[in-house]
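The block underneath contains the structure these notes are about, expressed in structure tokens.
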Amino acid sequence: MIRDAQTFQHLTDAVHKFVRERLVPNEARLAEEDRVPPEILGEMRAMGLFGLSIPEEFGGLGLTMEEEVLIALEIGHTSPAFRSIFGTNNGIGSQGIVIDGTPAQKVQWLPRLASGELIASFALTEANAGSDAASIATTAKRDGVHYRLNGTKRFITNAPEASVFTLMARTGGPGAGGISAFIVPKDAPGLSFGEIDRKMGQHGAHTCDVILEDCLVPAENIIGGVEGQGFKTAMKVLDRGRLHIAAVCTGLADRLIEQALRYALDRQQFGKPIAEFQLIQAMLADSRTEAYAARAMVLDAARRKDAGEMVNTEAACCKLFASEMVGRVADRAVQIHGGAGYIADYGVERFYRDVRLFRIYEGTSQIQQLIIARNMIRDAS
Ligand code: COS
């Protein structure tokens with residue numbers, strides 16, 4: 001099927017409406033109950049949100065990177081924990097299979113990920129391998145028709161809900177070249193979970209440890225069918241993921257600006273709306289400018305990716321700028337709300353806590369800086 005502009009516009013309009021009519025009114029409930037309401041999960045599945053980036057031949061919508069970014073800008077308008085539950089199916093949880101999987105792996109896993117029947121998760125991080133991803137200690141040793149995995153993965157998004165993991169483990173020597181990526185079903189013998197982590201924000205999205213004790217995974221589940229390619233798979237997946245996160249940050253910044261502006265227009269002090277005071281206007285204008293810049297960056301990087309360019313630097317620039325930007329925007333939104341910004345009822349403080357994670361996961365701001373500068377130096381020499 002060739003998707004035309006009209007079909008995509010229809011999807012964008014539907015997501016826009018869904019976010020405002022179904023997700024925004026349930027934001028407080030999501031945080032309080034610490035879970036995505038089950039009926040909303042069903043609606044997300046029906047809309048195809050779990051398969052946005054999975055190719056059409058495997059039942060997904062097969063969006064281009066630019067289209068995916070446009071949808072992420074819409075989704076960004078609400079609590080990030082709503083996106084989290086289907087974000088891994090479109091991003092880090094499925095893309096290893098989409099990009100590097102064998103034809104048989106694609107047929108076996110992608111249709112059920114696209115429909116949302118299965119929830120995907122990405123397991124790279126460990127207690128002693130966060131930013132330094134190439135130093136993971138989890139091992140995978142060939143044992144007949146299986147690999148035997150041992151180790152513990154930490155802070156794994158959606159792990160408690162996940163049915164299947166893209167999981168990096170060491171099959172060879174030290175460093176990036178010794179790492180392989182595996183498709184690990186949650187019911188693989190020897191796999192168990194730690195307690196759900198108690199987090200600062202993004203309540204409703206869950207992380208926990210994934211523990212592998214002589215965990216047996218069929219040998220055919222090694223992504224791409226070859227050992228030693230797992231680190232590269234993870235890095236490619238993260239390039240896409242970082243663009244996605246940057247778009248979500250930008251959508252959320254727009255939401256917070258809208259909310260802060262509305263408050264500034266309503267709130268009267270010294271006999272007039274505070275929006276008429278230039279110091280408030282400066283905060284609104286700075287937020288608007290920075291969100292506009294982030295939008296332009298992420299759309300440009302997405303178009304480059306669609307054109308076949310390697311966007312390692314651009315993805316890092318987008319993730320760095322947009323995640324830091326939404327932190328400043330959320331801070332100003334709290335400030336414009338004054339005392340009300342610190343009170344839970346207004347919801348701004350919840351976003352202030354939620355956005356803090358964007359500067360950390362899928363590579364900290366410092367790792368993005370490192371990637372950008374390293375690539376600059378490489379290109380100059
Ligand atoms: N696409 C394709 N290949 C890539 C790549 C990319 N984006 N980035 C690196 N590679 C390749 C390199 O080309 C290299 O291949 P060769 O050995 O054939 O030359 C190999 O992968 C190793 O790369 P590199 O030498 O850059 O590895 P480093 O250990 O130096 O990587 C960084 C350092 C910081 C880039 C990496 O550890 C990283 O991204 N860390 C952050 C991890 C992260 O985001 N964690 C969040 C977990 S998910 S919530």
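The values are calculated or read from the model by the stated rules, or taken from the named source; none is laboratory data. Keep in mind the model is a prediction, meaning the values are calculated, not measured. Neighbour counts are summed over all protein chains in view; Cβ atoms, including those assigned to glycine, are modelled from backbone coordinates with ideal geometry. Just so you know, the surface numbers come from the protein's heavy atoms only, side chains and all, with ligands and any DNA or RNA stripped out. Shrake-Rupley method; radii C 1.70, N 1.55, O 1.52, S 1.80 Å.
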Checklist entry - Based on the alpha-carbon gyration tensor of region 154-245 and its eigenvalue square roots a ≥ b ≥ c, which shape applies: rounded if a/c is under 1.5, prolate if not and a/b is larger than b/c, or oblate? => result oblate
Checklist entry - Label-point separation (nm) for Ser131 and Arg267, each offset 7 Å from Cα along Cα-to-Cβ? => result 3.5
Checklist outcome for this item: Calc'd 3J(HN,Hα), region 365-378, phi into Karplus 6.51 cos²θ - 1.76 cosθ + 1.60 (θ = phi - 60°), Hz, glycine/Pro = x, comes to 4, 5, 5, 5, 4, 4, 5, 4, 5, 4, 5, 4, 5, 4
Next on the checklist: How high is the relative contact order of region 300-361? Use alpha-carbon pairs under 8 Å, at least six apart in sequence, and give a whole percent.
Outcome noted: 26
Next on the checklist: Using a 1.4 Å probe on the protein heavy atoms, what percent of the accessible area of the chain belongs to carbon and sulfur?
Outcome noted: 55
Checklist entry - For the peptides 99-109, 175-185, what is the packing order when you average, over each peptide's residues, the other Cβ atoms within 10 Å and list the highest mean first? => result 175-185, 99-109
Checklist entry - Can you tell me the accessible area per residue over the chain, all protein chains present, probe 1.4 angstrom, in square angstrom? => result 44
Checklist entry - Here are some pairs, Lys17/Lys199; Lys186/Lys305; Lys106/Lys236; Lys141/Lys232; which of them have Cα atoms lying more than 23 Å apart in this structure? => result Lys17/Lys199; Lys186/Lys305
Next on the checklist: With just the Cα atoms defining each centre, how far is region 89-140 from region 169-233? Give it in Å.
Outcome noted: 8
